[in-house]
Amino acid sequence: MAANLTRLLEHKLQTSSAVTAQRCVRLFSTQQQQSEVNDDEEFRVLNLRTVKQQARRREIKKDAVQPPRTSRMAVDQDWTAVWSGPRSFHPASVPLPLRQGYTERGAAAPSKYANAELMKIPNFLHLTPPAIRQQCEAIKKFCTPWPKGLETEAKWKRHFPIEVLSTDYCHSLPTIRHPEARRVTITLKLSDLQFDAHAKDKFLRLVGERYNQETGVLTFVTDRCPTRKQNYDYALYLLTACYHESFVTEPWEDTKSEADMEEYHFERNQAKKSAEAILNWNSKAEQKVAASPSYATSVEQLINEGENEYNLAKYKEEVLKMLKITV
């Protein structure tokens, strides 16, 4: 009897545990379905990056910015060691409060830091007086003493009469060659050249307006060639060609009459014969009296330069002296 009751009780317990397990499974499945429905209803973010791309980047530690060099410069700093050659402007190396640039009225010009106006223009910070003095001392051993006999300006002009003038330009252009830098000017005095009467007259005709009669200076300006050296050679060629051509006598030059002459010359004119005829009138001496050089000069000045108060007074004085008339 007792054995039968035990078996019946065990059977009921197994049946009740199976039902309870089925209920738990149904409840869990229902909750899972509800959670899936809730997940579908929420907004899902689209992530296109991979796991490697999402990794944290490595941080690079930069060194601290050092203070400008000007704050560490000594008062007696050797500037040639700081700025030894031509270079663009650097604000941290120049201990000067420089300012440059366009601003509105009343405002201060931009400072030297991040200033493009100071960096794009050429500077002469490498040509300070101490730097020039140091460079001169360095090349002094290659220099030769000044030649003897050229101590004064008059002496070296006597030995070197030609003066050459050219110009160098400092500018900001794509090319370093300035169009006006090729021009060469050569000047010299006409008295430094040796001429006879015919050569001097022909030379002045060839040079034309290049000769200044007031100063007596001859000037050649050449700028036809692209370089300065070529223009210098061309100017010397013009001077040499005009000088040697002036001594050449063409056949047609012998047919020139007195009316074709550019200047009046007393020696080859009728005035000389007339003056000598007056001085030797009723004279029986074999040696004839000639007109004085001062009278010839006064006549030439009167005709070549024109009538003015000085030339007329000079001519009157020489005529009275020649005729021995006392006023």
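Quick rundown of the values:
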| read-out | value |
| --- | --- |
| Local net charge near Cys242, Cβ-Cβ under 12 Å (Lys/Arg +1, Asp/Glu -1) | +3 |
| Extent along principal axes [Cα atoms of the stretch 270-323; Å; largest to smallest] | 38, 19, 14 |
| For Thr219, solvent-accessible area (1.4 Å; no DNA, RNA or ligand), Å² | 40 |
| Share of carbon and sulfur in the accessible heavy-atom surface of the stretch 55-163 [1.4 Å probe, %] | 58 |
| Relative contact order of the stretch 187-327, pairs being alpha-carbon contacts under 8 Å that are 6 or more residues apart, as % | 17 |
| Extension gain (nm, one decimal) between Glu317 and His126, 0.36 nm per residue minus Cα-Cα | 61.8 nm |
| Where a label projected 7 Å from the Cα of Glu267 along Cα→Cβ would reach, residues of the stretch 202-237 with amide N under 19 Å | 202-204 |
| Within the stretch 117-196, trypsin sites (Lys or Arg not before Pro) in DSSP loop having at most 15 other beta-carbon neighbours inside 10 Å | Lys148, Arg177 |
| Spatial separation of Cα centroids for the stretch 105-155 and the stretch 240-307, in angstrom | 59 |
| Two-site FRET efficiency, Tyr211 against Val248, from Cβ-Cβ distance with R₀ of 22 Å, rounded to 0.05 | 0.70 |
| Where only C-alpha atoms are counted, convex hull volume of the stretch 188-234 per residue in Å³ | 91 |
| FRET E, pair His90, Leu165, Förster distance 45 Å, beta-carbon r, rounded to 0.05 | 0.75 |
| Heavy-atom accessible surface of the stretch 188-327: percent carbon and sulfur, 1.4 Å | 53 |
| Proximal aspartates and glutamates relative to Lys284, as straight alpha-carbon distance under 19 Å, when same-chain residues fewer than 8 apart are discounted | Glu276 |
| Surface per residue (accessible, 1.4 Å probe) for the stretch 129-272, Å² | 77 |
| Net lengthening on full extension, Thr80/Glu309 (0.36 nm per residue, minus Cα-Cα) | 75.7 nm |
| Radius of gyration and maximum dimension Dmax of the stretch 166-278, Cα, Å | 20.5, 78 |
| Cross-link reach list, lysines versus Lys316, counting only Cα pairs under 21 Å and skipping chain neighbours closer than eight places | Lys272, Lys273, Lys324 |
| Relative contact order of the stretch 153-253, defined on C-alpha pairs under 8 angstrom at six or more residues apart (%) | 29 |
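The values are calculated or read from the model by the stated rules, or taken from the named source; none is laboratory data. Keep in mind the model is a prediction, meaning the values are calculated, not measured. No Cβ is skipped: glycine too gets one built from the backbone with ideal geometry, and neighbour counts run over all protein chains shown. Areas reflect the complete protein model, heavy atoms only, side chains present, ligands, DNA and RNA absent. Shrake-Rupley method; radii C 1.70, N 1.55, O 1.52, S 1.80 Å.
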